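Asks: First the structure, then my questions, so here it is.
The values are calculated or read from the model by the stated rules, or taken from the named source; none is laboratory data. Bear in mind the structure is a predicted one, so any value in this text is a computation, not a measurement. Virtual Cβ from ideal backbone geometry, glycine too; neighbours counted across all protein chains shown.
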Amino acid sequence: MTDQNPTQPSRVFKIGATRIVADASMMALDPEQIRTLLKISYPEITHATLRETTLEDGTQLLEYISQPGRKG
């Protein structure tokens, strides 16, 4: 059995190859608030594009796609 609430699907954040499963403290935050929290550890998401998809099991996948930068 799982402890997940069936009315509120879980959320997974993907940054490159890293997957972060949202816990109860992250459920009330919107994606931009999550970005603010995570950019301390993952600075590449500061200017990343956000792609939101819903998986077949109802899980919400939020993928931060890094933008290519320019040196100089």
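Asks: State whether one or more residues within region 4-12 are modelled with pLDDT of 90 or more and in a strand (DSSP E or B).
Replies: There is at least one residue in region 4-12 that is modelled with pLDDT of 90 or more and in a strand (DSSP E or B).
Asks: If you take the residues in region 18-51 that are of a type outside the set (Asp, Glu), in a loop (DSSP other than H, G, I, E, B) and free of Cβ contacts under 8 Å to residues at least 12 places away in the same chain, which one is surrounded by the most Cβ atoms within 10 Å (Cβ to Cβ)?
Replies: Going through the qualifying residues, I end up with LYS39.
Asks: Among the residues of region 48-65, count how many are over 11 Å from the mean Cα position of the chain (by Cα) and either at pLDDT below 90 or closer than 16 Å to ARG11 by Cα (or both).
Replies: 6
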